[in-house]
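Data first, discussion second: the structure below is written as C-alpha cells.
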Amino acid sequence: MTARFVALVAGVLFFFLAVFTQGILPFFEPTARTTKVTTVVRTGFGQLKWMVTEATDYTPLQKEGRAIYLREGCWYCHSQFVRPVTGETRRWGPVTEAGEFAYDVPHLFGTRRIGPDLMRVGLKFSDEWHLAHFWDPRMLSPDSIMAPYRGLFNEPAGAVRIVDDGAGNRTLERTPVTESLFNFDSQISISLTPSADGLLFVPLAARDKKPIVLIPGEQFAGEAVRIAAETQELQALIAYLQKLGMQRGKWRDLFEPQQLEVIDVTFPRSDEWIAHGKEVYERRCLGCHGVKGDGNGPAATFLYKQRPRDFSAAVFKFRLTKEPLPTDGDLLRTITRGIRGTAMPAWHELPVNDRLAVIQYIKFELAVDRSDPSAPYAFFVEEPPGPPLIIGRPPDPTEQVLTRGKEIWQAAKCWECHGQGGKGDGEKAAGLKDDLGFPIVPADLTSGQYKSGPAVEDIFRTISTGMSGTPMPSYRNAFPDEDRWALSYHVLVLSAYKDPLTLEPLNIPEADRKALDELDRQAATPDKAYVPGSGTAVGAGENGPAAGMAQGG
C-alpha cells in the first residue's frame with residue numbers, strides 16, 4: 001500500500017465526512033432550523049428587557065446587499081460569529097444564537113478575522129459613516145488594510161463648477177452630469193458641503209432636490225468640485241450591514257462596556273499628555289473632525305445629515321454643567337459611549353488613558369479661538385467648567401407619570417420640532433439650523449437612537465441642559481424636576497415595542513406586553529429572557545434556557 005493510495009483514500013473519506021457533517025447532519029439537528037432568538041425590547045414603561053421572539057427574513061434591499069457583500073468578497077476577511085468567551089462578548093456584544101442565521105444560505109460564520117467581526121455591526125455606525133468607509137477606509141482608521149470600494153460609487157469624470165444660483169446661494173453648474181443627480185427645478189433643496197480637497201458627496205436622497213453648496217466656514221475655497229455619488233448598490237450593501245445583529249433588538253442599550261457614567265475625572269494638564277492626545281487624535285479623530293478640529297476632515301463631506309463637531313468653537317452638546325463648557329467627565333462619557341445614530345462610534349475599547357489624553361488635546365489645543373493670532377482665546381482656560389449638576393434618583397414610571405409626561409410634551413411645545421408622534425417631523429423641523437449655519441434635523445425619538453444615552457437619566461440630563469449649538473433649549477428653569485422626569489419617560493416610551501431598524505411596531509400580543517410592562521419582572525439577560533405566552537422567563541421553566549432559545553457556539 002503506497003503513501004499515494006493512502007492519501008487518495010483519506011481525501012475521499014474526508015470529502016464525504018465533510019458532506020455528511022455540513023450538508024446532511026444539520027438537517028437532523030433542531031438548532032439548524034430554529035428561528036428562535038432572544039431580543040431586547042423597550043417596554044411601555046421605558047424599561048429594557050430580553051424576550052424570546054422569531055427572527056425576521058431579509059428585505060429585498062437587504063438581500064441585494066448581501067449578494068453584493070458576497071460578490072465583493074467582504075466575507076473573506078470579516079467573520080459573523082460571536083463566541084461565548086469573555087473577551088468576545090465584551091468586544092462585540094452578546095453571544096451569537098442559532099436563530100440569527102435562519103435566513104443565511106450560505107452562512108458566513110467565518111474564522112479569519114483579518115477585519116473586525118460584523119455580527120453586531122448593525123446600527124453601530126450611521127449610514128454616512130459606512131459611505132465614507134467604503135470610499136476610503138483609512139480616512140476613518142489609518143491602520144485599516146481594507147481596500148477602497150470606489151467602484152461602488154458613481155464618480156463622474158472631470159470637475160463641476162460652483163456657481164451662483166441668482167438667489168444668493170451657491171449651487172452646481174447645470175450640466176448633463178449634474179442634471180442626472182439633482183432636480184434643479186425643485187422647490188426643495190439639499191445642502192451639501194465639499195471637503196477641503198474639493199470632494200463633494202451626493203446622496204441618493206438628492207435626486208429630487210435642488211443642490212445648495214453650503215460652506216459657512218469657508219471650509220473649501222475652490223471654484224470646482226469632484227463628485228462622488230451614492231448608488232443603489234451602496235444603499236443595498238449598507239442596508240444589509242445595518243441588519244447584522246439587529247435580530248437581537250436594542251441589545252446595544254444594555255451593552256455594559258460602553259455604559260460609562262462619571263461626573264468628573266481628569267489628568268493634570270501637561271505637555272506630555274497633550275502630545276499623547278494629539279497622537280490619539282490624529283489616528284482616531286482627524287478623519288471626521290479635521291486637522292484643525294474644525295469638523296471638516298476628509299470624511300466630513302459624506303456626513304451630510306449631521307456634521308462632525310467643530311471643536312474650535314468650543315460648543316459641546318452633551319454635558320452635566322450649568323455653564324456651556326463640559327467637564328472632562330462629560331467628554332469622557334461621550335467618547336466612551338459614542339453618539340448613537342451618528343458617525344461618532346463608541347470608543348470604549350480605547351485605553352482610558354488614551355481617551356483622557358485626547359480630551360486634554362481637544363481642550364487646550366483645538367478648543368481655541370484663533371481669529372486673532374496675536375491673542376488666541378483658550379475657552380477651557382478662560383472660562384473653565386463650573387460645578388456639575390446633580391441628578392437625583394428617577395421616580396418609578398407609573399401611568400400617572402406617563403400621563404404627566406404627555407402633558408409636559410404639549411406644554412413645552414416639543415411637538416413643534418419633534419412632531420406629535422416624536423418622529424422629528426414637527427411644523428418647525430424644516431429649516432432648522434445649528435449655530436454654524438448647517439441644517440439640523442430634529443431627532444426621530446421613535447427610533448430609540450438617543451444621542452446622549454438610552455437611560456431615563458440621560459434623557460433627563462439633555463432636557464435639563466439643552467444641547468448647546470442647536471435649537472434644543474434647556475428646560476431646567478421652565479419645569480420642576482418631577483415634570484422633567486415625567487417628560488423623560490414619555491420620550492423613552494415613544495420607542496416602546498418598536499423595531500430599532502425598521503421603526504415598525506413589534507408583533508407582540510397585548511397579553512405579553514402587559515406581562516413585560518410589570519415593573520418588578522426581571523429579564524436582564526438572554527438566559528432569563530421572557531417567553532411569550534408563558535408569563536415566565538426562560539430560566540424559570542423546568543427546561544432552562546433550551547426551552548426558549550438555542551445558543552450558537
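Nothing in this text is a laboratory measurement; each read-out follows from the coordinates by a stated rule. Keep in mind that this is a model prediction, so the values were computed, not measured. Reconstructed Cβ throughout: ideal geometry from the backbone, glycine too, with neighbour counts over all protein chains shown.
Report the trypsin sites (Lys or Arg not before Pro) located in region 25-114 that are in a DSSP loop and have at most 16 other Cβ atoms inside 10 Å of their Cβ, or state none.
Values: sites: Arg33, Lys36, Arg42, Lys49, Lys63, Arg66, Arg71, Arg90, Arg91, Arg112, Arg113; in loops: Arg33, Arg112, Arg113.
Taking region 25-114 and a limit of 16 other Cβ atoms within 10 Å, the loop trypsin sites (Lys or Arg not before Pro) found are Arg33, Arg112, Arg113.
Summarising the label geometry, the points placed 7 Å from Cα in the beta-carbon direction at Leu70 and Glu155 lie 2.8 nm from one another.
Taking 0.36 nm per residue of sequence separation and removing the Cα-Cα distance, the Leu13/Ser180 pair yields an extension gain of 54.3 nm. How much net charge surrounds Val262 when only the other residues with a Cβ under 12 Å from the Cβ of Val262 are counted, with Lys and Arg +1 and Asp and Glu -1? Neighbourhood net charge equals -1.
Charged neighbours of Arg370, selected by a Cβ distance under 11 Å, balance to -3 (K, R count +1; D, E count -1). Under the combined filter of DSSP loop state and at most 14 neighbouring Cβ atoms within 10 Å, region 133-220 retains these GluC sites (Glu not before Pro): Glu173, Glu218.
Would you kindly state how much longer the chain becomes between Thr398 and Arg170 on full extension, computed as 0.36 nm times their sequence separation minus their alpha carbon distance, in nm to one decimal? Please list the in-between numbers first.
On the way: separation 228, 0.36 × 228 = 82.08 nm, distance 5.23 nm.
Gain on stretching Thr398 to Arg170: 76.9 nm.
Here the scattering of the chain is modelled by Debye summation over its C-alpha atoms, one equal scatterer each and no solvent; at q = 0.09, 0.10, 0.12 Å⁻¹ the log10 of I(q)/I(0) is -0.75, -0.93, -1.31. Once the C-beta distance of Asp57 and Arg370 is scaled by a Förster radius of 60 Å, the resulting FRET efficiency is 0.65 to the nearest 0.05. Among the trypsin sites (Lys or Arg not before Pro) in region 333-396, those placed in a DSSP loop whose Cβ has at most 16 other Cβ atoms within 10 Å are Arg370. The length gained on full extension between Ala411 and Ile508, counted as 0.36 nm times the residue separation minus their Cα-Cα distance, comes to 31.7 nm. Between Phe5 and Glu279, the simple label model (points 7 Å from Cα in the Cβ direction) yields a spacing of 6.4 nm.
As a length-normalised measure over Cα pairs under 8 Å and 6 or more apart, the relative contact order of the chain settles at 18 percent.
Helical runs assigned H by DSSP (4 residues or longer) give the chain a calculated mean residue ellipticity at 222 nm of -8000 deg cm²/dmol, each run adding -39500 (n - 2.57) before division by the residue total. Other residues with beta-carbon under 12 Å from the beta-carbon of Leu402 carry, at +1 per Lys or Arg and -1 per Asp or Glu, a net charge of -2. Starting from one equal scatterer on each C-alpha and no solvent at all, send me the Debye-based log10 I(q)/I(0) for region 58-254 at q = 0.09, 0.12, 0.13, 0.14 Å⁻¹, two decimals. Values returned for q = 0.09, 0.12, 0.13, 0.14 Å⁻¹ are -0.43, -0.70, -0.79, -0.87.
Looking at the square roots a ≥ b ≥ c of the eigenvalues of the Cα gyration tensor of region 256-382, which shape do they give, rounded for a/c under 1.5, prolate if a/b is larger than b/c, or oblate?
Values: a/c = 1.38, a/b = 1.09, b/c = 1.26.
It is rounded, given that a/c, with a ≥ b ≥ c, falls under 1.5.
Sorting 447-459, 502-514 by their mean Cβ neighbour count within 10 Å, with the most densely packed peptide first, gives 447-459, 502-514.
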